[in-house]
1. Give, rounded to the nearest 20 debye, the magnitude of the charge dipole that the stretch 92-145 has about its Cα centre when Lys and Arg contribute +1 at Cβ and Asp and Glu contribute -1 at Cβ.
2. When only alpha-carbon atoms are used, what values of Rg and Dmax, in angstrom, describe the stretch 299-386?
3. Give, as a single signed number, the net charge of other residues whose beta carbon lies under 12 Å from the beta carbon of residue 131, with Lys and Arg counted +1 and Asp and Glu -1.
4. So how much slack lies between residue 360 and residue 48, counting 0.36 nm per residue of separation and subtracting their Cα-Cα distance, in nm?
5. Describe numerically, in nm with one decimal, the distance between label points set 7 Å from Cα along Cα→Cβ at residue 115 and at residue 26.
6. Please list 3J(HN,Hα) in residue order for the stretch 36-50, calculated via the Karplus relation 6.51 cos²θ - 1.76 cosθ + 1.60 where θ = phi - 60°; whole Hz, with x for glycine and proline.
7. With the radius of gyration and the Kirkwood radius both derived from the Cα set of the stretch 50-106, what is their ratio Rg to Rh?
8. Based on Cα coordinates alone, diagonalise the gyration tensor for the stretch 1-85, multiply each eigenvalue by 5, take square roots, and list the semi-axes in whole Å, largest first.
Amino acid sequence: MLHVEYVRSLNCNYERILLDKMPEERRYQYSILGRCQIKGLLPCSLRYIDGQAYLYYDISSRQNIALLYSSRCITREWIRDFLWSLRHIRQELGRFLLDVGNIIWYPEQIFQELEENVFSFLYIPYYEGESGFMKLMEFWVEHIDYNDEILVDCVYRMYERVERNGEIYLQTQIFEDAECLEDTKLPELAYREVEESSAEELRENTASALSTIDGREEDVQQQEKPTKPGRKGIRGILEGRRSRSQKLREDYRQAMQQEMMGYHHVVAEQMNYESTYGQTVYFEDKAESAKNPHRLLTPEGKLFLSLEQPNITIGKKKGEVDLVLEDSSISRMHARITNQEGSIYLEDLNSTNGTFQNGQRMQPYEKKKLEEGDEIKLGKVVFIFR
């Protein structure tokens, strides 16, 4: 199990990993990582603090893909770029005689440049734990664009083969399977392997995949009975996931449009004053609080933003964030404000110039609960939370 923390040191943001035992610094893999900067790997250094050994990975100006694609779709172009980076890093590791099995594939540990699809991977010397490639495949299945049938078929086939063959699939087959993403239509042999499978095998694979990804037994029970083996069964499963994905994206898009355009609809319930004359009318506190959501104010006390949505991402990169702040001190993805069961939290998103609560700088990806009257500082931009 990885012991991961995010810290800021020497004007850089780091992901640091606590090592279970003291490393032998003179061993080959530690020596290579310490002396060479391998293109495609996160810059790494070994440090000792209070008798414990840590690996520090520089993640400045990068964002992990789990956060980047938490609410938007992965496209076939993105998959192609990722696999190109995968092929490149395999070649680089081979050139330095390093083991590709020591790369960590969890989506939270893979970082991407925001301006283009350039990826940086985390490498742990002599790592013996779970690499997380299956989690990466589950992440792809959950977040791909379900309007692109070729992409859906390709990723689903990759998922099945990784599940069946393990990470040996990474050697060559994954690149061959991805060749269909370069074509305008699906190759004739795309379903050959599935069509040759028995109906029972298809049901087992489908149930396993969906229970792992969704974690909901009811979904598995509803979808584990395809009428025919092969193409029709898979088509039905993917169509169901595509419909759910489209609905979630459309609901999110409409909610954010209403928030940013200021369309706040208040419905007043008409009362019959004749019938209620002389009676005491009780107004619940919930109705009052609904009219007065939490807000961000300027230092002068002017309303800047009502925090009515469950998640609001703040930064200066249009198309990537919900609220754009055009200030040079603001990172492309700077911070996020979330509403969790009525409590409001502020989270730093690996910003360069920092996120501050009441003057105290937050660590990268740290999340803190906000209290009324708190001062929020994003770079040089200041707000008051009410």
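Please treat every number below as a calculation from the coordinates, not as lab data. This structure is a prediction, so every number in the text was calculated from the model and none was measured. Positions of Cβ are backbone-derived with ideal geometry, glycine not excepted, and every protein chain shown enters the neighbour counts.
1. Values: 2 positive and 11 negative charges, 50 e Å.
Value, rounded to 20: 240 debye.
2. That works out to 11.8, 34 Å for Rg and Dmax.
3. Values: positive: 135; negative: 99, 128, 130, 167.
Value of the local net charge: -3.
4. Values: separation 312, 0.36 × 312 = 112.32 nm, distance 2.56 nm.
Gain on stretching residue 360 to residue 48: 109.8 nm.
5. About 4.3 nm, to one decimal.
6. 10, 9, 8, 4, x, 9, 5, x, 10, 9, 9, 9, 10, 9, 6
7. On the way: Rg = 14.9 Å, Rh = 14.2 Å.
Rounded to two decimals, Rg/Rh equals 1.05.
8. Numbers: eigenvalues 157, 55, 30 Å².
Each semi-axis is √(5λ); the values are 28, 17, 12 Å.
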